[in-house]
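The values are calculated or read from the model by the stated rules, or taken from the named source; none is laboratory data. Note that the coordinates shown come from a computational prediction; the quantities given were computed from them, not determined experimentally. A quick note on method: Cβ atoms are made from the backbone with ideal geometry, for glycine too, and the neighbour counts reach across all protein chains shown. Side chains included, ligands, DNA and RNA excluded: accessible areas come from the protein's heavy atoms. Shrake-Rupley method; radii C 1.70, N 1.55, O 1.52, S 1.80 Å.
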Amino acid sequence: MATEQPTGKNAEETEEKKPVQRKAVGKKAETYAVAVPLLNIRERASIASEIVGTVAEGEILSVVSRTPHGFGKLADGSGYVLLEYVEPVKDDE
């Protein structure tokens with residue numbers, strides 16, 4: 001007797017995929033100041049990615065991770081910025 005194969009989508013196909021957030025254990029965000037008149041915030045870590053916002057010169061950004069291609073992921077989750085256009089802010093600890 002042949003077994004019936006389920007029709008329709010299986011559980012993996014029906015569950016909504018949720019983004020995985022990875023944080024380095026024990027490492028805090030790095031702080032930077034914008035060093036250009038207007039810096040683009042990108043949806044993804046690519047200059048071809050959609051611009052989702054901008055930040056003005058002198059504004060302070062918190063970056064939680066860096067990509068191999070020179071982008072920093074913003075701590076607030078709003079997107080990515082090119083790190084060549086920001087300057088590190090010294091910690092006064």
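Mind listing whichever residues of the stretch 46-66 are open to solvent by less than 70 Å² (accessible area, probe 1.4 Å) and closer than 22 Å to residue 89 by Cα? Correct list: 53, 55, 56, 58, 61, 62, 63, 64, 65. In the set 36, 81, only one residue is touching a Gly at 6+ places or on another chain (Cβ under 6 Å), on the phi < 0 side of the Ramachandran plot and at pLDDT 95 or above; that residue is 81. Of all residues in the stretch 67-93, exactly one satisfies the criterion of being crowded, with 16+ Cβ neighbours inside 10 Å, in a helix (DSSP H, G or I) and out of contact with any Lys or Arg (no Cβ under 9 Å at 6 or more places or on another chain), namely 85.
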